[in-house]
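Notes follow the structure.
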Amino acid sequence: MSDRYHNPQLETMSTDEIRSLQDRRLRAITEHVYARNSWFRARLDARSLAPADIRGLADIGRLPTMSKEDFRAGYPLVMSCVDKTAIVEMHMSSGSTGTPVVMPYTRVDIDQWGECMARCYRMAGADPGDIVQITPSFGLFNGGFGFFHGARSMGLFVLPTGAGNTARQLRLANDFGAKVLTGVVSYAIRIMEVLDEEKLPLPPWKVGIFGAECFSDAMKQKVAGGLGIEVFDIYGMTETGGVGTLGMDCRAHDGLHVWEDHYVVEVLARGADQPVADGQMGELVVTSLTREALPVIRFRTGDLTRVLSRQRCACGRTHVRVAPITGRVDDMLIVKGVNFWPRQVEQALMEIPGVRSNYQIVIEEVDGVRDIRVNVEADPGVTGFMVEKHLKEALGFSPKGDVFAPGQLPRQEGKAQRVVFEKK
Ligand code: DLL
């Protein structure tokens with residue numbers, strides 16, 4: 001399969017070249033954080049490690065891991081490795097606990113982000129001059145600006161609609177001829193609904209780049225069919241520098257390509273510092289090699305995945321590929337002794353003909369005993385019994401299934417809240 005690259009030399013370099021680049025960059029970033037920031041210095045000192053002890057990738061396991069809690073405790077700029085005057089932008093995520101995680105950027109960091117994102121656009125098949133519709137808000141959430149910086153690096157025409165007013169967005173997309181649609185997964189679903197409700201013509205998009213939420217294969221197919229586009233799964237997070245920094249799938253759709261010249265990824269056993277074998281599921285741990293303001297060193301992302309392949313992909317790229325994110329370490333649900341991920345429920349629901357894309361998994365707890373109810377929007381003719389039967393086949397146990405008319409379940413702006421806990 002032929003593919004297009006933003007940076008052919010770096011995207012297709014040999015595995016040996018990638019490894020020696022990573023060795024060099026790991027040494028440099030360890031020296032950088034040690035020299036520039038007392039929080040990082042104290043962490044290495046506590047292990048009696050000097051930067052010179054980290055000679056390359058083989059020593060990465062000697063470095064301590066860091067977590068979201070460190071970011072929260074370090075609010076606002078405790079972990080920054082540059083002078084405040086060198087910071088040109090910041091993004092922030094608040095998550096469920098509300099304490100912010102802040103990521104500052106230097107000019108160099110913005111260029112690094114733009115480079116990662118431009119590779120993603122190109123990998124999806126965008127051509128210079130194409131119109132990209134950016135639907136996340138331009139604010140503290142990194143989505144809007146990330147898609148923007150990449151579009152600038154690649155030379156796309158930016159249609160910066162931001163969030164909301166979906167009918168107007170669709171009109172603009174049609175009037176100007178948007179070719180690339182970007183956003184969070186739930187917004188792709190919202191767009192399908194509005195197209196249907198308002199009977200608007202389908203804009204001439206050719207690709208959709210979505211992420212920020214788990215995305216089952218069945219939902220990807222539904223979005224691809226509903227919007228008439230090829231769908232890509234883009235990955236990144238505030239702590240690694242935002243959307244697209246960690247990679248995306250290519251047109252072969254055979255795993256997410258991680259940008260290994262910028263990031264080292266390890267898959268560790270849950271709650272432990274031991275790597276699992278390739279192919280085994282574990283927690284993704286990330287080290288950023290090229291970021292200045294706040295590099296992460298062995299950051300425990302909380303996201304679950306596995307290494308799919310270290311071989312050259314059909315698209316020609318050589319960087320490691322990981323599976324689409326299955327869920328978060330703390331997302332696994334246990335009901336009546338059965339363990340499952342919300343993504344499995346989504347996959348099962350989307351396989352039922354007539355079931356729409358909006359759903360909720362309600363975990364009810366009565367006197368400490370958990371039960372599960374699945375609320376789903378569907379066309380007339382779909383019954384609770386049909387939903388229950390299919391979920392039983394897919395999950396091995398029988399949750400209650402309640403069917404609602406389209407538009408009746410709650411919707412959130414931004415990421416959807418799919419799992420709801422109710423205590424009685
Ligand atoms: O969600 C970055 C982003 C924006 C990605 C727009 C894609 C599109 P945060 O708000 O910091 O940043 O949330 C990061 O979201 O640790 C994952 O749990 C989840 N996540 C991000 N991308 C994906 C994906 C953005 N493609 C957290 N699949 C991460 C599954 C994802 N989960």
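The values are calculated or read from the model by the stated rules, or taken from the named source; none is laboratory data. As the structure is a computational prediction, the values presented were derived from the model and not from experiment. Glycine also receives a Cβ, built like all others from the backbone with ideal geometry; neighbour counts cover every protein chain displayed. Keep in mind that these areas ignore ligands, DNA and RNA; they rest on the heavy atoms of the full protein, side chains included. Shrake-Rupley method; radii C 1.70, N 1.55, O 1.52, S 1.80 Å.
Overview of results
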quantity: Accessible area of the range 287-335 belonging to carbon and sulfur atoms, whole % at 1.4 Å probe; calculated: 48
quantity: Three-way shape label, the range 229-301, alpha-carbon gyration tensor, a/c 1.5; calculated: oblate
quantity: Largest to smallest accessible area among Arg62, Arg300, Arg328 [probe 1.4 Å]; calculated: Arg62, Arg328, Arg300
quantity: Residue-normalised accessible area of the range 1-150, expressed per residue, 1.4 Å probe, Å²; calculated: 44
quantity: Volume in Å³ per residue [convex hull over Cα atoms, computed for the chain]; calculated: 146
quantity: Pairwise FRET efficiency - Arg24 versus Val329, Cβ, R0 = 41 Å, nearest 0.05; calculated: 0.85
quantity: Estimated FRET transfer efficiency when R0 is 51 angstrom, pair Ala50-Lys415 (beta carbons, to 0.05); calculated: 0.80
quantity: MRE, 222 nm, helices only [DSSP H, n ≥ 4, -39500 (n - 2.57), over the chain, to nearest 500]; calculated: -9500 deg cm²/dmol
quantity: The range 334-423 - accessible surface per residue (Å², probe 1.4 Å); calculated: 51
quantity: Compactness index (Cα Rg / 2.2 N^0.38 Å), the range 246-372; calculated: 1.27
quantity: Tensor-based shape of the range 77-167 (alpha-carbon gyration tensor, a/c under 1.5 rounded, otherwise prolate or oblate); calculated: oblate
quantity: Cross-link pairs beyond the 24 Å C-alpha cut-off, checked among Lys68/Lys336; Lys222/Lys389; Lys68/Lys220; Lys68/Lys222; Lys199/Lys400; calculated: Lys68/Lys336; Lys68/Lys220; Lys68/Lys222; Lys199/Lys400
quantity: Net charge contributed by nearby residues that have their C-beta within less than 12 Å of Ala224 (K/R +1, D/E -1); calculated: 0
quantity: Environment charge at Val382 (Cβ cut-off 13 Å; Lys +1, Arg +1, Asp -1, Glu -1); calculated: -3
quantity: Overall Cα dimensions of the range 83-238 - principal axes, largest extent first, Å; calculated: 52, 38, 28
quantity: Spin-label proximity, Asp217 to the range 345-361 - amide N less than 13 Å from point 7 Å beyond Cα toward beta carbon; calculated: 347-348, 351
quantity: Shape call, the range 1-100: gyration tensor on alpha carbons, a/c limit 1.5; calculated: oblate
quantity: Alpha carbon centroid spacing (whole Å) that separates the range 27-86 from the range 143-159; calculated: 31
quantity: Virtual paramagnetic centre 7 Å along Cα→Cβ of Lys336, amide N under 18 Å, in the range 385-417; calculated: 385-403
quantity: Principal axis dimensions, the range 334-423 - Cα atoms, whole angstrom, descending; calculated: 34, 31, 20
quantity: Inter-probe distance in nm under a simple model that places probes 7 Å from Cα toward Cβ, at Phe404 and Val78; calculated: 4.0
quantity: The range 96-229 - charge dipole about Cα centre, Lys and Arg +1 at Cβ, Asp and Glu -1, debye rounded to 20; calculated: 140
quantity: Separation of the Asp273 and Asp175 label points, Cα + 7 Å toward Cβ, nm; calculated: 5.8
